[in-house]
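The values are calculated or read from the model by the stated rules, or taken from the named source; none is laboratory data. As the structure is a prediction and not an experimental result, all values here were calculated from the model. For neighbour counting, all protein chains shown are included, and Cβ atoms are generated from backbone atoms with ideal geometry for every residue, glycine included.
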Amino acid sequence: MSQETKHIILVVDDEPTNVAILNAMLNTQYKIKVALCGKDAIKIASTAPYPDLILLDVVMDDMDGFEVCKILKQQSITSDIPVVFVTALSDVKTNRKGIELGAVDFFSKPFSAPIIQKRIENHLKLIQQTRQIAMMNSSGS
């Protein structure tokens, strides 16, 4: 797949080490965009070409991932972009809050490359299928 046709993943984390790890895991398969804070994440996600998926850290300095997710889901331009939380927090309360805000999944730190890669692949396939069905439905009506 050429660079132009690769899916775009926005990695949002204020820890450069985590960004580097995710980038190394994913950059051969996907085009990676990076935001080191919540405000940059919202700006990048709202600018074309839009990401196909957002990997979002929960704990960040400027605004937490929950705030970022809430804003992204309220904006029509970004509301359909799937958000996956990447976090060391793995308690039920944290997971429930993320899902209630619109996240589609959680990846726990430390990362497992094969699991993350497969789950991202599955999410992107689901997104593509959903878009194809929506296009067929809109052209058929």
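Listing for the model above:
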| item | result |
| --- | --- |
| Qualifying positions in segment 64-112 - closer than 18 Å to ILE44 by Cβ, over 13 Å from the mean Cα position of the chain (by Cα) and modelled with pLDDT under 95 | ASP64 |
| Of the criteria (1) more than 15 Å from the chain's Cα centre (by Cα); (2) at pLDDT below 95, which one VAL58 fails | (1) |
| When residues of segment 72-84 are limited to those that are touching a Ser or Thr at 6+ places or on another chain (Cβ under 8 Å) and of a type in the set (A, V, I, L, M, F, W, C), the one surrounded by the most Cβ atoms within 10 Å (Cβ to Cβ) | LEU72 |
| Residue in segment 43-61 that is farthest from ILE77 (Cα to Cα), counting only those that are out of contact with any Ser or Thr (no Cβ under 8 Å at 6 or more places or on another chain) and surrounded by 20 or more Cβ atoms within 10 Å (Cβ to Cβ) | MET60 |
| Among (1) crowded, with 18+ Cβ neighbours inside 10 Å; (2) over 19 Å from VAL104 (Cα atoms); (3) not basic (Lys, Arg) - the single one THR28 does not satisfy | (1) |
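Okay, residues lined up against (1) within 19 Å of LEU10 (Cβ to Cβ); (2) without any contact (Cβ under 8 Å) to a residue 24 or more places away in the chain; (3) surrounded by fewer than 17 Cβ atoms within 10 Å (Cβ to Cβ):
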residue	(1), (2), (3)
ALA88	no, no, yes
VAL92	no, yes, yes
ARG96	no, yes, yes
ILE99	no, yes, yes
PHE106	yes, yes, no
PRO110	no, yes, yes
GLN117	yes, no, yes
